[in-house]
Amino acid sequence: MRISRLILMMAIPLFLFSCNKDDGPYVQIKNIENLIYQSIQAYRTDNGEDGPFVHQYFVVGEAQIYSYKMANGVVEVNTDGLDVHWDALNEKYSFYNHHALVLKTTSGDEDEILDELLLLPDGESTLLEDVTQCGVGVESDTEGNNYITVLLMKAD
């Protein structure tokens with residue numbers, strides 16, 4: 001009996017300290033981000049794109065960061081500064097066929113936001129690209145504007 005307890009007491013610290021921690025950032029997908037993703041997914045399905053299309057949490061994280069930068073005036077409302085974010089995503093997985101849309105809007109309704117995304121130059125064609133991964137990021141500024149980043153890419 002004593003040997004069993006001794007072995008158990010020695011094994012517990014081994015289990016506690018041998019677990020690997022996830023050092024990656026915690027990404028919380030906001031409700032509006034998920035609703036926009038669902039609107040995009042429905043649009044794609046309605047237009048014959050019925051393959052896999054995943055709202056990938058670490059892609060959302062990069063989209064959120066870019067939206068934050070736009071909301072705080074660090075970058076302009078365009079896709080020129082996305083190279084750093086594509087590189088960060090490609091470190092995690094071998095993505096290809098990268099596409100992105102960005103938008104500044106006062107709307108908080110996912111269907112209105114989708115309509116505004118579709119009005120962007122190449123908006124329709126971008127949302128219907130041959131992609132499997134999506135990340136929607138939304139951040140707001142102090143004036144009530146929403147900055148939307150939609151990152152799209154393919155992964156096998």
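The values are calculated or read from the model by the stated rules, or taken from the named source; none is laboratory data. Here the structure is a predicted model, which means the values were calculated and not measured. FYI the Cβ positions are ideal-geometry reconstructions off the backbone, even for glycines, and counts take in every protein chain you see.
Brief remarks follow.
- Tally, over the range 111-139, of residues that are part of a loop (DSSP other than H, G, I, E, B) and hydroxyl-bearing (Ser, Thr, Tyr): 1
- In the set (1) modelled with pLDDT of 95 or more; (2) under 20 Å from residue 123 (Cβ atoms); (3) among the hydrophobic types (A, V, I, L, M, F, W, C); (4) part of a helix (DSSP H, G or I), the condition left unmet by residue 100 is number (4).
- Conditions (1) surrounded by fewer than 21 Cβ atoms within 10 Å (Cβ to Cβ); (2) touching a Lys or Arg at 6+ places or on another chain (Cβ under 6 Å): number failed by residue 128: (2)
- Unique residue being assigned to a helix (DSSP H, G or I) and not hydrophobic (A, V, I, L, M, F, W, C) when the list is 45, 149, 142, 79: 45
- One residue stands out in the range 51-76 among those that are without any contact (Cβ under 8 Å) to a residue 40 or more places away in the chain and not in a helix (DSSP H, G or I): the one that is surrounded by the most Cβ atoms within 10 Å (Cβ to Cβ), namely 75.
- Number of the exception - residue 81 against (1) surrounded by 15 or more Cβ atoms within 10 Å (Cβ to Cβ); (2) closer than 25 Å to residue 142 by Cβ: (1)
- Beta carbons closer than 7 Å, at least 6 apart along the sequence or on distinct chains, pair a first residue in the range 78-93 that is touching a residue at least 12 places away in the same chain (Cβ under 8 Å) with a second that is surrounded by 10 or more Cβ atoms within 10 Å (Cβ to Cβ) and outside any helix (DSSP H, G or I) for 78/102; 79/100; 79/102; 81/75; 82/100; 86/98; 89/95; 93/155.
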